[in-house]
Amino acid sequence: MTNRPRLTSDQLRSRWWFDNPEHPGTTALCIERYMNYGVTLEELTSGRPIIGIAQSGSDLTPCNRHHLELVKRVKDGIRAAGGVPFEFPMHPIHENVRRPTAALDRNLAYLGLVEVLHGYPLDGVVMTTGCDKTTPACLMAAATVNIPAIVLSGGPMLNGWRGNERVGSGTVIWELRKRLATGDIEYAEFLSRATDSAPSVGHCNTMGTASTMNSMAEALGMSLPGSAMIPGPYKERSMVAYQTGDRIVNMVWEDIRPLDILTRAAFENAVVVCSALGGSSNAPVHVNAIACHAGVKLDNDDWQRLGHPVPLLANVMPAGAYLGEEFYRAGGVPAVALELLKHGLLNGDVMTVNGHTMAENLKGNDTLDDDVIRRFDNPLVAHAGFLNLKGNLFDSALMKTSVISPDFRRRFLDNPEDIEAFEGRVVVFDGSEDYHARIDDPSLNIDATTILVMRGAGPVGHPGGAEVVNMQPPEALIRQGIESLPCLGDGRQSGTSGSPSILNASPEAATGGPLALLETGDRLRVDLGRGRVVLMVDESTLELRRERLDAIGGYPYPAHQTPWQEIQRTLIEPLDRGMTLRGADEYRDVARVSPPRDNH
């Protein structure tokens with residue numbers, strides 16, 4: 001337990017707004033308008049912590065919408081602990097619906113949160129999360145402003161079912177679209193069966209990006225232990241909402257801040273836990289971004305070095321068989337983390353938001369079902385983390401090894417004369433529209449050994465970095481039983497996808513990366529053992545292609561559609577650097593380093 005001096009009421013940050021005798025006019029202006037909906041003068045001036053609640057729920061964000069109800073319990077907890085709650089809206093983020101991609105919204109939500117947390121009279125904040133990018137946006141802002149902060153996940157949906165078959169959100173759609181392509185099911189049945197995966201409030205019930213990133217918040221120590229994967233409708237979700245509200249008030253008095261928790265050791269823990277969970281391929285992008293804003297250097301080489309040797313313990317879709325309810329009942333993130341701690345893979349001394357160390361929090365949290373959460377010596381996959389591939393096409397691209405299927409391994413990686421490696425002819429698509437328009441064109445001659453390439457899908461090209469790399473084969477091949485092909489691209493893919501794509505390739509084609517030089521018919525060699533992807537085209541040919549490309553002004557991509565698209569494209573870092581805004585990481589601990597000026 002932390003043993004640090006407690007703050008006194010005159011040290012509260014909010015006093016500079018609400019009880020500052022040196023500037024009575026400004027204080028009066030700050031206070032008077034809050035009276036118009038019934039807040040009392042005593043609440044604002046009696047030395048009680050003012051606690052913000054970043055509300056990510058709305059009608060536009062269904063995965064987080066139940067936070068509109070959960071926040072009532074958060075407020076109860078805040079008031080019971082002696083605080084005063086102030087709820088405010090976050091910029092909406094909904095992965096499935098936002099076009100051209102919700103990745104545009106992560107940084108926009110981050111900027112909005114930074115301005116609210118810095119410029120308003122908040123002593124601490126509860127950050128409500130759920131859908132994929134709400135979690136990193138909140139944690140990035142928490143690191144930048146560095147007032148006491150705690151994450152409250154909304155939790156996954158209940159299991160989806162069709163008869164006695166589990167239906168996982170996202171994952172089922174990638175499977176059903178193959179059946180739709182072959183004519184096994186009609187459009188109406190496709191839509192009906194897809195909705196089976198969404199039986200209740202909550203975010204994805206698979207270990208997609210939402211479940212992964214909320215688990216990362218817990219693994220980093222930024223949410224209460226055991227809270228990340230409580231299903232949204234469970235009574236325990238409302239209970240932990242209350243406990244979170246209670247805890248943030250005490251965090252203010254104890255002066256526990258995000259940068260006390262978001263240390264190098266905490267990020268290394270998160271990488272290890274992510275691998276054991278079979279976490280989303282989007283996790284490195286977002287966790288690297290949070291680390292960047294916390295002043296911790298973390299890159300994709302770290303993800304391979306720390307994470308690839310870690311076994312897969314969570315038997316949860318898309319890498320496993322179960323869904324969020326079973327995972328929670330089996331012990332959730334603490335049970336996975338305890339297995340890792342017992343085998344020396346976690347740092348148990350790191351601080352967490354409840355004031356205890358990780359090791360203290362994990363005591364007694366053994367798995368309750370060792371099929372859902374495997375023991376360390378009986379994993380689903382021995383080495384489950386990401387490979388950081390390099391070569392003459394890119395400096396960094398990730399492959400999620402926990403989802404390499406037996407069929408994919410047999411067809412591409414088990415050649416005894418070329419183990420863990422394969423070669424193939426590429427077919428190149430420039431954006432998702434091009435893929436959808438041409439994938440079934442027989443003149444492309446796509447066969448069972450073809451490598452599908454998606455480019456123009458990165459942070460600048462799409463823009464935002466779209467989830468379009470997990471491409472399915474042509475309908476003709478699917479009818480022959482070929483349900484997957486190697487995919488590669490400078491975009492991302494859904495964390496609910498089981499495709500072992502090579503993705504997040506950096507630099508992207510739109511910024512001059514060598515992917516822009518690739519042509520349909522070229523041959524690639526992929527060597528997982530050596531961590532290399534090599535374009536088998538001679539340098540003189542590539543130089544001629546570069547000259548032709550330069551002559552037309554570089555790789556063409558769509559024009560800006562909104563002011564924000566132009567701003568983000570101008571400032572965005574590549575995917576391997578977390579897709580942060582260039583220069584934003586120079587602002588850190590701004591609440592203390594650079595308090596906001598008076599407004600009157």
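The values are calculated or read from the model by the stated rules, or taken from the named source; none is laboratory data. Bear in mind the structure is a predicted one, so any value in this text is a computation, not a measurement. When we count neighbours, we look across all protein chains shown, and the Cβ atoms used for this are built from the backbone with ideal geometry, even at glycine. Ligands, DNA and RNA are stripped out before the accessible areas are found, and what is left, the full protein with its side chains, is counted by its heavy atoms. Shrake-Rupley method; radii C 1.70, N 1.55, O 1.52, S 1.80 Å.
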Given Cβ charges of +1 for Lys and Arg and -1 for Asp and Glu, the option among 103, 406, 36 whose Cα lies farthest towards the positive end of the dipole of the chain is 36
For residue 161, other-chain or 5+-apart residues with amide H closer than 5 Å (H placed, Pro excluded) are 167
Region 237-332 shape via C-alpha gyration tensor axes, a/c threshold 1.5: oblate
For region 389-552, rounded, prolate or oblate, judged on the Cα gyration tensor with a ≥ b ≥ c (square roots of eigenvalues), a/c < 1.5 rounded, else prolate if a/b > b/c? rounded
Looking only at Cβ-Cβ distances, which cysteines of the chain have no other cysteine closer than 4.7 Å? 30, 138, 204, 274, 292, 487
Protein accessible area in the chain, 1.4 Å probe - carbon and sulfur %: 51 percent
With a sphere of radius 10 Å drawn around the Cβ of residue 355, what net charge do the other residues whose Cβ falls strictly inside it have (Lys, Arg +1; Asp, Glu -1)? 0
Expected sort for 133-139, 476-482, 260-266 on mean C-beta neighbours within 10 Å, highest first, is 133-139, 260-266, 476-482
Whole number in Å², please: accessible area per residue of region 452-575, 1.4 Å probe, ligands, DNA and RNA not counted. 38 Å²
Assign one of three labels to the chain, namely rounded, prolate or oblate, based on the Cα gyration tensor with a ≥ b ≥ c the square roots of its eigenvalues; rounded applies when a/c is under 1.5, prolate when it is not and a/b is larger than b/c, and oblate otherwise. prolate
Net charge of Cβ neighbours under 11 Å - reference residue 318; Lys, Arg +1; Asp, Glu -1: 0
Place a +1 charge on the Cβ of each Lys and Arg in the chain and a -1 charge on the Cβ of each Asp and Glu, then give the dipole magnitude about the Cα centre in debye, rounded to the nearest 20. 780 debye
Positive end of the dipole of region 389-552, charges at C-beta (+1 Lys, Arg; -1 Asp, Glu), about the Cα centre: which of 520, 397, 488 has its Cα farthest in that direction? 397
Taking only protein heavy atoms and a 1.4 Å probe, the highest-to-lowest accessible-area order of 508, 175 is 175, 508
Using the Cα centre of the chain as origin and beta-carbon charges of +1 (Lys, Arg) and -1 (Asp, Glu), tell me which of 534, 230, 318 is placed farthest towards the positive end of the dipole. 230
For residue 510, the net charge from surrounding residues (Cβ-Cβ under 13 Å; K, R +1; D, E -1) works out to -1
Give the peptides 419-426, 325-332 in descending order of average Cβ contacts within 10 Å, highest first. 325-332, 419-426
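Ranked from highest to lowest mean number of other Cβ atoms within 10 Å per residue, what is the order of the peptides 523-531, 408-416?
523-531, 408-416
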At the level of C-alpha centres, the distance separating region 236-284 and region 123-165, in angstrom, is 10 Å
Whole Å is fine, so just give me how far the alpha carbon centre of region 310-327 lies from that of region 7-26. 49 Å
Cβ-placed point charges (K, R +1; D, E -1), dipole of region 389-552 about Cα centre in debye, nearest 20: 360 debye
Would you mind getting me the FRET efficiency between residue 566 and residue 586? Use the beta-carbon distance for r and R0 = 30 Å, nearest 0.05. 0.85
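Measure up 75/133; 72/133; 75/400; 235/400 against 31 Å on the Cα-Cα distance and list the ones that go over.
Going by Cα-Cα distance, 75/400; 235/400 fall outside the 31 Å limit.
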